[in-house]
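One structure is given here, and the rest of the page talks about it.
Read-outs throughout are calculated quantities, based only on the coordinates presented, and are distinct from any laboratory measurement. Just so it is clear, the model here is predicted, and its values are computed rather than measured. All Cβ positions, glycine included, derive from the backbone under ideal geometry; neighbour counts span all protein chains shown.
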Amino acid sequence: MTDEVSSAGVPLLVVTRGTPARDELAALLVVLASRPAGPVTSAGARQASWSAKSRLVRAPVRPGPGAWRASALPA
C-alpha cells in the first residue's frame, strides 16, 4: 500500500490499529468523501416560529386578582 501525502506533507489517512484490506479502505474513503466539507447553512434551515415546539408549552398561571379567569384563556 502506498502512503499518499497531502500538499502540506501530512498523511491524508493513518490507520492506527489493525490491517484493513484495500476494499475496506476504499469503502471508508467513499463515505468520508460523500460528506459535506463544512456545516450546511441555508436560509430555509431556520425553523419558522409558527412550528416552534415552545408554542406548545403553556405559560404559567400567576396568582392574583382575576387569575382564575385568566387560567381558562389561551396564552
Inset, instruction - Tabulate in residue order the Karplus-calculated ³J(HN,Hα) for the stretch 63-68, using 6.51 cos²θ - 1.76 cosθ + 1.60 with θ = phi - 60°, rounded to whole Hz; enter x for Gly and Pro. - result: x, x, x, x, 5, 5
Legend entry - Approximate spin-label separation Ala26-Ser49, in nm, with each point projected 7 Å along Cα-to-Cβ: 5.4
Inset, instruction - Rounded to whole Hz and in sequence order, give me ³J(HN,Hα) for the stretch 18-24 from the Karplus expression 6.51 cos²θ - 1.76 cosθ + 1.60, θ = phi - 60°, writing x for Gly and Pro. - result: x, 10, x, 6, 4, 5, 5
